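This report refers to the structure that appears directly beneath it.
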Amino acid sequence: MKKIYSLLALISLFMLSGCSVYNFTGTGKIDAKTFQVNFFQNNADLIEPGIDRDFTLALQDLIQNQTNLNLVSNGGDLVYEGEIVDYRTTPMTATADQQAAQNRLTIRINVRFTNKKKESDDFEKTFEFYKDYPGTQQLVGSSLNAAIKEIYDRITQDIFNDSLAKW
């Protein structure tokens with residue numbers, strides 16, 4: 001009986017050692033040690049103050065929380081840069097009396113990713129997401145901040161997936 005337990009323990013060790021490259025964020029082995037996120041300028045036609053700073057910080061925070069890479073201000077192995085190209089609110093559905101029943105806040109961001117260790121990973125891509133809200137509601141104050149945060153959570157995760165997780 002003791003030999004069976006020893007054999008099972010040995011088999012378990014071999015099975016677990018095969019998972020050494022996997023981690024819970026979904027990234028494989030990353031050769032880079034540092035990353036930098038340059039300021040994302042707001043070039044949208046409609047300007048909402050502070051969304052450029054908030055997006056830059058949101059992307060930095062996500063990468064820091066999901067990897068062991070070090071944030072640097074210049075000379076990073078991985079470089080994220082770009083601009084906010086669209087910020088708009090559009091009516092989505094209308095009522096019988098020609099009023100908006102539902103509106104949509106959409107943010108589109110152009111991202112240039114450079115991997116100095118592996119140039120084949122470089123890309124320039126546009127990421128976009130939206131938040132629908134009732135036409136009777138005004139997006140101001142905390143409701144605006146919550147909508148922008150929800151949009152940024154999705155966009156930053158999409159950027160992370162395309163640049164590091166390769167999903």
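Results, tabulated for the structure shown:
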quantity	calculated
Residue that is nearest to G76 (Cα to Cα) [pool: residues in the range 92-136 that are aromatic (F, W, Y), at pLDDT 95 or above and open to solvent by less than 60 Å² (accessible area, probe 1.4 Å)]	F113
Only listed residue being at negative phi, surrounded by 16 or more Cβ atoms within 10 Å (Cβ to Cβ) and part of a helix (DSSP H, G or I), chosen from L139, L144	L144
Selection status of S163, among the polar types (S, T, N, Q) and farther than 22 Å from L71 by Cβ	no
Residue within the range 112-134 that is in a strand (DSSP E or B) and among the small types (G, A, S) present	no
Test: residue in the range 96-107 that is outside any strand (DSSP E or B) and in contact (Cβ under 8 Å) with a residue 12 or more places away in the chain	yes
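The values are calculated or read from the model by the stated rules, or taken from the named source; none is laboratory data. Computed from a predicted structure; not experimentally measured. So basically every Cβ, Gly included, is an ideal-geometry build from the backbone, and we count neighbours across all protein chains shown. Side chains included, ligands, DNA and RNA excluded: accessible areas come from the protein's heavy atoms. Shrake-Rupley method; radii C 1.70, N 1.55, O 1.52, S 1.80 Å.
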